[in-house]
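Trainee: Structure below; questions to follow.
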Amino acid sequence: MNFNIAVIPGDGIGPDITEQAILVLQKVGEKFNHSFTFTEVLAGGIAIDKRGKALPEDTLEICKTSDAVLLGAVGGPKWDTLPGNERPEQALLGLRSALGLFANLRPALLYEPLKEACTLRPDLVEGGLDLMVVRELTGGIYFGERGFREGKYGEEAYDTEAYSKVEVERIARVAFDIAMQRDKKLTSVDKANILESSRLWRAVVEEVSKEYPEVELNHLYVDNTAMQLVRNPKQFDVIVTSNMFGDILSDEASMITGSIGMLPSASLGEGTLGMYEPIHGSAPDIAGQNKANPLATILSVAMMLRHSFHLEEEAKAVEEAVVGVLEKGYRTGDIMSSGMTQVGTKEMGQLVLENL
Ligand code: IPM
Ligand code: MG
């Protein structure tokens, strides 16, 4: 089969890590007899520099007509002083929204060989850790009305959190479906003791739960969840939450699995088109230095094979190749521990290829 993939290397370490992920896909193609066509497009800070805007129309058009989008990272200090609506991050939000990618899957897996890199007490993660954060991605405060206005203390800035029933319903269904394929435990995270939008969220999730009698559902406040994640992370199977809470909790979940450099993500909508990216940022301080960990991006490609192309065997092969490299003791700087062999971005990519 042939698949068209739009590639957005983006900024900072984006080009370093997407390069390795592409090599992995090419190897998968050779091994399993698929062909992947890559079209590189501009978005983020580099698009601002070259084209005057973070998300050029042709980029969006090519992404829309592809089978999947692979994204490295966007943003950096160079563009930090631009007005909010002109920042590189707007490319990401614009893509998610324009492509209708409302469901963001962020699996947090503690790989056995990486136990040492986990920042929690070993007994808390004994036997491994495997949770899935399902983050709503095209609603809430990241997309709500915002601006400046005259307030009690003079000029103030404001952002708005708003959720409709439809938005909550569809993300809840995605989360329940995933829970059905896992341990059938779903935790819905909100701040229903304060926020009206959270009370609606909770009521809608309750309603949807009637369609999934086998799934054990519980509700937690976001502050409590942040605490529970470091107190007893193994109590979680699937977490479903809003855009902002999911952004925050998935970074926290990533750290308890060893490194933010390890976590992939898939952004999905109603169809099979998806966008795949590591959850980490553009790390401008190490860009172009062959230091970045490419594994989160390589694992994102595994998610692409699974969710957009329905190639489960191929997806597993990539995941197993990554575990194989870790088992052999190879580490990038971010997951380095004593007795292991430190390697750079390119070497790590090459090692995954050899293990495929
Ligand atoms: C993420 C990132 C983005 C987000 C930024 C870069 C816009 O933090 O994917 O988690 O907030 O969604
Ligand atoms: Mg984030």
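Taken together, the values in this text are just the output of simple stated rules run on the coordinates, not laboratory data. For clarity, every value in this text was computed on a predicted model and none was experimentally measured. Heads up, the Cβs are rebuilt from the backbone with ideal geometry, glycines too, and the neighbour counts pull from every protein chain shown.
Trainee: For His310 and Asp285, compute 0.36 nm times the residue count separating them, minus their Cα-Cα distance, and round to one decimal in nm.
Mentor: Values: separation 25, 0.36 × 25 = 9.00 nm, distance 3.64 nm.
Result for the pair: 5.4 nm of gain on full extension.
Trainee: Treating only the Cβ of Lys, Arg, Asp and Glu as charged (+1, +1, -1, -1), what charge dipole size does the chain show about its Cα centre? Round to the nearest 20 debye.
Mentor: Charge dipole of the chain: 140 debye, to the nearest 20.
Trainee: Work out how much length Glu320 to Glu112 would gain on full extension: take 0.36 nm times their residue separation and subtract the Cα-Cα distance, in nm to one decimal.
Mentor: Fully extending the segment from Glu320 to Glu112 adds 73.6 nm.
Trainee: OK, next. Does anything in segment 182-205 have its amide N under 20 Å from the 7 Å Cα→Cβ label point of Asn232, and if so which residues?
Mentor: 183-190
Trainee: Under a crude label model (7 Å from the Cα following the beta-carbon direction), how far is Ser35 from Lys328 in nanometres?
Mentor: Distance between the two pseudo-spin positions: 3.0 nm.
Trainee: Also, quick follow-up: Give the lysines reachable from Lys53 as a straight Cα distance under 17 Å; neighbours fewer than 8 places away on the same chain don't count.
Mentor: The qualifying lysines are Lys78.
Trainee: Right, next: Given the Cα-Cα distance of Met180 and Glu145 and 0.36 nm per residue of separation, how much length would full extension add, in nm?
Mentor: Separation in residues times 0.36 nm, less the Cα-Cα distance, equals 9.1 nm.
Trainee: Determine which aspartates and glutamates satisfy two conditions relative to Lys328: a Cα distance under 16 Å, and not lying fewer than 8 residues away in the same chain.
Mentor: Lys328 reaches Glu112, Glu116, Glu319, Glu320, Glu347, Glu354.
Trainee: On the first, second and third principal axes, largest extent first, how far apart are the outermost C-alpha atoms of the chain in Å?
Mentor: 58, 50, 41
Trainee: To the nearest Å, what is the center-to-center distance of segment 249-263 and segment 62-101, using C-alpha atoms only?
Mentor: Result: 22 Å between the Cα centres.
Trainee: Just to be sure I understand: if I project the alpha-carbon convex hull of segment 119-256 onto a plane and average over all orientations, what area do I get in nm²?
Mentor: So the mean shadow area of the Cα hull is 9.5 nm².
Trainee: Under 1.5 on a/c is rounded, so check that first for segment 1-70, then, if it is not, pick prolate when a/b is larger than b/c and oblate when it is not; a ≥ b ≥ c are the square roots of the alpha carbon gyration tensor eigenvalues.
Mentor: Working: a/c = 4.28, a/b = 1.67, b/c = 2.56.
It comes out oblate by the Cα gyration axes.
Trainee: Please tell me which of these pairs span more than 18 angstrom C-alpha to C-alpha: Lys185/Lys316; Lys165/Lys191; Lys185/Lys234; Lys184/Lys210; Lys291/Lys346; Lys165/Lys210?
Mentor: Beyond 18 Å between Cα atoms: Lys185/Lys316.
Trainee: Could you pull out every one of the aspartates and glutamates with an alpha carbon less than 12 Å from that of Lys50, ignoring same-chain neighbours closer than 8 positions?
Mentor: none
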